[in-house]
Amino acid sequence: ALRSAAQMVSHEVSIGLIIITVLIRVGSRNSSEIVTAQRQIWFGIPLFPVLVMSSIPRPAETNRAA
């Protein structure tokens, strides 16, 4: 039980860091402003390492194989 709790926390931390990176890039927590900020360039391009990092904890959070 302790191992699964620690694993869950580690996934939550990585997802939180990814979200914070996007929020810092935009400068707002408003979802419509996040969408508007991507009209010039999609955030997947300048934040490509973060995009790759997001592909790791997402399937681990749902306990499914990639």
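Residue pairs whose Cβ atoms lie under 9 Å apart, separated by 6 or more positions or on different chains, with the first residue in region 33-60 and touching a residue at least 40 places away in the same chain (Cβ under 8 Å) and within 15 Å of Ile19 (Cβ to Cβ) and the second of a type in the set (Asp, Glu) and open to solvent by less than 90 Å² (accessible area, probe 1.4 Å), do not occur. How about region 16-33: which of its residues are exposed (fewer than 10 other Cβ atoms within 10 Å of the Cβ) and under 20 Å from Pro57 (Cβ atoms)? Residue satisfying the conditions is Ile24 alone. Within region 34-66, if we keep just the residues that are over 16 Å from the mean Cα position of the chain (by Cα) and open to solvent by 90 Å² or more (accessible area, probe 1.4 Å), the residue that is modelled with the lowest pLDDT turns out to be Ala66. Could you check, for region 6-15, whether at least one of its residues is at pLDDT below 80, open to solvent by 90 Å² or more (accessible area, probe 1.4 Å), part of a helix (DSSP H, G or I) and polar (S, T, N, Q)? Scanning region 6-15, I find at least one residue that is at pLDDT below 80, open to solvent by 90 Å² or more (accessible area, probe 1.4 Å), part of a helix (DSSP H, G or I) and polar (S, T, N, Q), so the answer is yes.
The values are calculated or read from the model by the stated rules, or taken from the named source; none is laboratory data. No experiment lies behind these values; they were computed from the predicted model shown. For neighbour counting, all protein chains shown are included, and Cβ atoms are generated from backbone atoms with ideal geometry for every residue, glycine included. Just the protein is used for accessible areas: all its heavy atoms, side chains included, with ligands, DNA and RNA removed. Shrake-Rupley method; radii C 1.70, N 1.55, O 1.52, S 1.80 Å.
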